[in-house]
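The values are calculated or read from the model by the stated rules, or taken from the named source; none is laboratory data. Keep in mind the model is a prediction, meaning the values are calculated, not measured. Counting neighbours? That spans all protein chains shown, and the Cβs are built from the backbone with ideal geometry, glycine included. Ligands, DNA and RNA are stripped out before the accessible areas are found, and what is left, the full protein with its side chains, is counted by its heavy atoms. Shrake-Rupley method; radii C 1.70, N 1.55, O 1.52, S 1.80 Å.
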There are 2 protein chains.
Amino acid sequence: MEGVLERLAELLVILVAAKVGAEAMARLRQPAVIGELIMGVIVGGSVLAWVNVDEGTLISTLAEIGVILLLFEVGLETDLRDFVRLGKRAASVALIGVVTPFGLGFFAARALDLGGGSTEVAIFLGAAMTATSVGITARVFADLRRLDTDEARTIIGAAVIDDIIGLIILAVVAGLLGNDGAFEIASLFTITAKALAFLVVVVVVGVVLVPYFFRFLRFLRVEGSFVVGSFVFAIAVGIAAERLAGLEPIVGAFAAGLVAGQTEFNERIHAELRPVAFLFVPIFFLAIGAQVDVGVLLEPRVLLAGGVISLLAVAGKLVAGLGVSGTPMSRSVVGVGMIPRGEVGLIFAALGAGQLSAVVGSEENAIVVLMVVVTTLTAPLVLNALLRREPVTGEAPSPEVDAILDTPFLGGVEVDGSSPEPGDAD
Amino acid sequence: MEGVLERLAELLVILVAAKVGAEAMARLRQPAVIGELIMGVIVGGSVLAWVNVDEGTLISTLAEIGVILLLFEVGLETDLRDFVRLGKRAASVALIGVVTPFGLGFFAARALDLGGGSTEVAIFLGAAMTATSVGITARVFADLRRLDTDEARTIIGAAVIDDIIGLIILAVVAGLLGNDGAFEIASLFTITAKALAFLVVVVVVGVVLVPYFFRFLRFLRVEGSFVVGSFVFAIAVGIAAERLAGLEPIVGAFAAGLVAGQTEFNERIHAELRPVAFLFVPIFFLAIGAQVDVGVLLEPRVLLAGGVISLLAVAGKLVAGLGVSGTPMSRSVVGVGMIPRGEVGLIFAALGAGQLSAVVGSEENAIVVLMVVVTTLTAPLVLNALLRREPVTGEAPSPEVDAILDTPFLGGVEVDGSSPEPGDAD
């Protein structure tokens, strides 16, 4: 009983902290997610240490449920046809958003002499900069009720593609730099084929079978079958994505939501899962914030090199917005939407601290964490300003990347970029 | 990630098993809770071992949230005035329902020569038989939509009083039989005073302050504040009950619900927490089932003595129904409603296996577990039959305990009582 009640108390701290942060941001007309991230840093291990979000804790599991439900909901609100229509654009955005940050990171690492100018460290840093966290961006669009824009759909599509590319990059980096020091082209092909096949099967088979599943749920007599069935469906496809195809569970959950959204039960699933999502989703963002170790980020060398790398990480993804050139979509919105590295960036940091620790020093790893923190915390601020200021989904052509940099708002963000977050967190 | 996904998979197994059991029972016109308990035994450690519900696991925490939400909801649906009106009757039911089972258990232990006829074992067994699990009974009433009957209110009131008496009994038993071998009258007084004071303060102060809390929640701009606030409120009062007054968290949650139910937000809290409760509540009942170790219950001596003790445990609480004599309430419904020992009985079993293991042998402890299983699984069946068959809340005077024993249904239960559950569980 003791242990259970302590865990429950920790959960309450997280929920209250998330609501305080979210409410503060709402009053400042910022997306709630920023407040949750900042409160996470504050209650996390490196500042107040009120909550423990390590692997295997209750909170880490509830956080995973939260992000799965979030992406399931995003999938629900996405029309499969729009998604296919925008597929080519999304692919361009994803590719530019992988190649540019990798190149910038690789050369910056050498120029800054990180890890004594080692090629391995340069590859690691470049690879870490390719990540995209769709959770953060999707939340900002959801907070501002803009999920039904072409920009949102393109970013989410690009993030899904990015996750598949990310699988390949992770395999190459771990194979190239890890203990075995080798990787096979054949296995890369297998990894990619499995991921693509999984998504195609979920969507194609799902469109046929999923309506029967929800009709079956409606047919059950026990109350609550519908909400529990929807919850189980989202998480089961998420687990299957990871187990069968090596994809992030959220990619599976998104595909599940996409398919469920095509059924006549779309509205009902959404309505019944809403209160559940309200409870779980903030736990994820708070946990992301709580994983930040403020102390490590405050060393001068980390701050300096990390500031430069963070700026390049922002620039590299802004360039990805060019993937929607020639369409009425806002290149700046799409570019900024790709910036946050979030939990995907932290996977690279975990790899650097674990499996690759012989190659990647703690300082270089701290730089990656700083880059993740800066991109994760600043992108929602900028995206919020952009979405409030300008029309999206082709209502009018958007100002360029240059124009964003002109705004006083992004001025502030750039300062954050070079001497970043920890100040916020104290 | 591995660990998190395995935990999520376990959660899905539990949710699906709970729904399968619940749906099967709904088709058999039985309360869903019975199906959840039986499926719990099946997926639990001693049969399929698909789930682990030990202290400290994710599931044990989610189960605690489930039972807290259940009792909060029961509190929401209870009118404070009815509750006060029925207080005296509830106290009679609680007192008879403690004294009779204790007496029966004490003398049966000596007659059956349990623990070599030791007085300590007789006290332990008698004490274990005094427990009441309000969760099970409340779920049956809720499943059948009968929470708004005087019988339900009286049983719940009696269970709350029972929990306070249970605190005293636990303190005496642990003091008398435990390592220190002593207890002080003064500390018994303190325990009782703290528990009563806590409940009075929650209700009296709560009636004044709680409306402001929910008005404040409504005033917040961030979506989901209301459902998260209600959830936090229920659990916070539950934790406080345990920490400040040594009460079961569910007693605190019930008091919190009682107070919240008096506000103008009653309907809204209920509606928003509903899908959340649908998700968490079944986890509790499944976890209760999963704690049953079928193997230990199958030893002949345990089956024989346990059968007798189980019958006496049923009889002892049936007698408690006499506490509502002279009212239009059904004595049989009230008596049967007090029968399940559930998780409260398991607390005694845990005490017997742990702190008191020098006094209580594994065989005697298995008898307690068997008694808990029999009372927990059979009472919902009988209660269901009774509630479907006869009017409650004074719509007409009820048949006597004799009359129940005449029904073919309870015939079945009596057989269960003397050669019980394990057959069901295989």
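Worth pointing out:
- Cα-only radius of gyration and Dmax that characterise the stretch A:1-50, units Å: 12.3, 42
- Size descriptors for the stretch A:185-235: radius of gyration and Dmax over Cα atoms are 15.8, 52 Å.
- Hits among lysines - C-alpha to C-alpha of B:Lys317 under 23 Å, sequence gap 8 or more where chains match: B:Lys88
- In order along the stretch B:146-154, the phi-based Karplus estimate (6.51 cos²θ - 1.76 cosθ + 1.60, θ = phi - 60°) of 3J(HN,Hα) comes to 10, 5, 8, 10, 4, 4, 4, 4, 5 Hz; Gly and Pro are listed as x.
- Considering only Cα atoms, the convex hull volume of the protein assembly as shown works out to 170 Å³ per residue.
- Calculated from backbone phi, Karplus (6.51, -1.76, 1.60) coupling profile of the stretch A:65-81 in Hz, x at Gly/Pro: 4, x, 6, 5, 5, 4, 5, 4, 5, 4, x, 4, 8, 9, 7, 4, 5
- Counting protein heavy atoms only, the stretch B:119-267 has 65 percent of its accessible area on carbon and sulfur, 1.4 angstrom probe.
- Multiplying the residue separation of A:Arg218 and A:Asp79 by 0.36 nm and removing their Cα-Cα distance gives an extension gain of 47.8 nm.
- Distance from the stretch A:10-32 to the stretch A:109-167 (C-alpha centre basis), Å: 25 Å
- Shown for B:Tyr212: label points 7 Å from Cα along the beta-carbon vector, and their distances to the equivalent points in the other copies, 5.8 nm in ascending order.
- Rounded if a/c under 1.5, otherwise prolate or oblate - the stretch A:291-346, Cα gyration tensor axes: prolate
- Solvent-accessible area buried by pairing A with B, both sides, nearest 100 square angstrom, 1.4 angstrom probe: 5000 Å²
- Taking a ≥ b ≥ c as the square roots of the eigenvalues of the Cα gyration tensor, an a/c ratio of 1.5 or more together with a/b no larger than b/c marks the stretch A:249-355 as oblate.
- Copies compared at B:Arg268 - label distances in nm, ascending, label defined 7 Å from Cα in the Cβ direction: 2.7
- Pairwise Cα inverse-distance average, inverted: Kirkwood Rh of the stretch A:89-168 (Å): 13.5 Å
- Placing a label point 7 Å from Cα along the Cα-to-Cβ axis, B:Gly56 is separated from the same position in the other copies by 1.0 nm, shortest listed first.
- Semi-axis lengths (Å, descending) of the ellipsoid that matches the C-alpha gyration tensor of the stretch B:1-132: 34, 25, 16
- Convex hull volume of the C-alpha atoms in the stretch A:129-253, normalised per residue: 137 Å³.
- Positive minus negative residues near B:Val344 (Lys, Arg vs Asp, Glu; Cβ under 11 Å): -3
- Taking one quarter of the surface of the C-alpha convex hull of the stretch B:48-95 gives a mean projected area of 5.5 nm².
- Drop in accessible area of at least 10 Å² in the complex versus isolated chain, residues of the stretch A:211-230, 1.4 Å probe: A:Phe219, A:Leu220, A:Arg221, A:Val222, A:Glu223, A:Gly224, A:Ser225, A:Val227, A:Val228
- Seen from every direction in turn and averaged, the convex hull around the alpha carbons of the stretch B:57-216 projects onto 12.7 nm².
- Cα gyration tensor, chain B - rounded (a/c under 1.5), prolate or oblate: rounded
- Hz values of 3J(HN,Hα) by residue in the stretch A:245-261 - Karplus curve (6.51, -1.76, 1.60), Gly and Pro given as x: 10, x, 6, 4, x, 5, 5, x, 5, 5, 4, 4, x, 4, 6, 4, x
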